[in-house]
Amino acid sequence: MTQESGLFQTAPVAVLVVIGLVSLVIAGALSAMEVALSRLSRATVEDLVEEDRRHAGLLEGLVAHRQRTNLTLRGIRTFFQVVGAVTFTLALVHPILPWWAIALISIAVVGLLQFLVVSVIPLRVATRRPETVALLEARLTTRLIRFSHLGDPLIRLLRNWLPQPTQTEAEARQEMTEDLREMVDQVGETEGFEDEDREMLRSVFELGHTLVREVMVPRTEMVTVDADLGAVKALRLFVRSGFSRIPVVGDDIDDVRGILFFKDVVGRLETRGHDVDLVAE
């Protein structure tokens, strides 16, 4: 018992914590690179190369072999996540604590750290600045790709045992979406095509990943306007609600007569100069 206690007292807890933190930071950086690459098209990377941005050439090679890049990033990220989980667990081992307490504390601590460092923070940073993140990590990722070739024999063996499955409908849609993004970026390079127009087209592809509750207003929170309400009062409702368009209803909320636009109300009041009923309009 004495030898065991001495062993725990001399355990390099600080070293294990440092190794765990470094491992999670590396995993977070690789996770950010995954997100950044998913948001960059070849046309965008070609623009970076034309601008002579640093490491843009390396980034172009990574995008050209996107499947290999993503596989390498995920594999190495998983490795560092495991290292972080194991080292933190070893650092928490203490002779006073029972095994189940160590397990619960480890799950809570490691789970929270991985959620923040590997998921939340990288996603937010890479979503806002995908080009910057990709350029910063292009050299490191390129070296990891070269290192990953050591595992090619194992990959070939796995491919022989596990043949490539048939492409699913979801994968086909994803591939089509990527192709359409490339087309949008290429068309956007032509003269007369505004940046706002290109961003609008890009946002169409993000709509498939948007939850309905993010764009819809709950029925209990709907703002409606009666069909016989005057335009001046309707204008006040627009100002209070902050909406640019409001459903026009008749007998009840299910009796929708149409949609009233803020610009139309302002236009009518400007031209007529007095209040009018919405039904008459």
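The values are calculated or read from the model by the stated rules, or taken from the named source; none is laboratory data. Computed from a predicted structure; not experimentally measured. So basically every Cβ, Gly included, is an ideal-geometry build from the backbone, and we count neighbours across all protein chains shown.
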Selection from segment 140-154 of residues surrounded by fewer than 13 Cβ atoms within 10 Å (Cβ to Cβ) and within 29 Å of the chain's Cα centre (by Cα) yields Arg143, Arg146, Phe147, His149
Log entry, pairs with first residue in segment 130-159 being under 20 Å from Arg42 (Cβ atoms) and among the hydrophobic types (A, V, I, L, M, F, W, C), second being modelled with pLDDT of 80 or more and not in a helix (DSSP H, G or I), beta carbons closer than 8 Å, six or more apart or on different chains, reads Ala134/Leu40; Leu135/Arg53; Leu135/Arg54; Leu135/His55; Leu136/His55; Ala138/His55; Ile145/His65
Quick count over segment 12-68, residues being out of contact with any helix residue (DSSP H, G or I) (no Cβ under 6 Å at 6 or more places or on another chain), of a type in the set (D, E, K, R) and free of Cβ contacts under 8 Å to residues at least 24 places away in the same chain, is 4
Only one of Arg181, Arg236, Arg202, Arg198 is of a type in the set (Lys, Arg), over 30 Å from Leu48 (Cβ atoms) and either modelled with pLDDT of 60 or more or not in a loop (DSSP other than H, G, I, E, B) (or both), namely Arg236
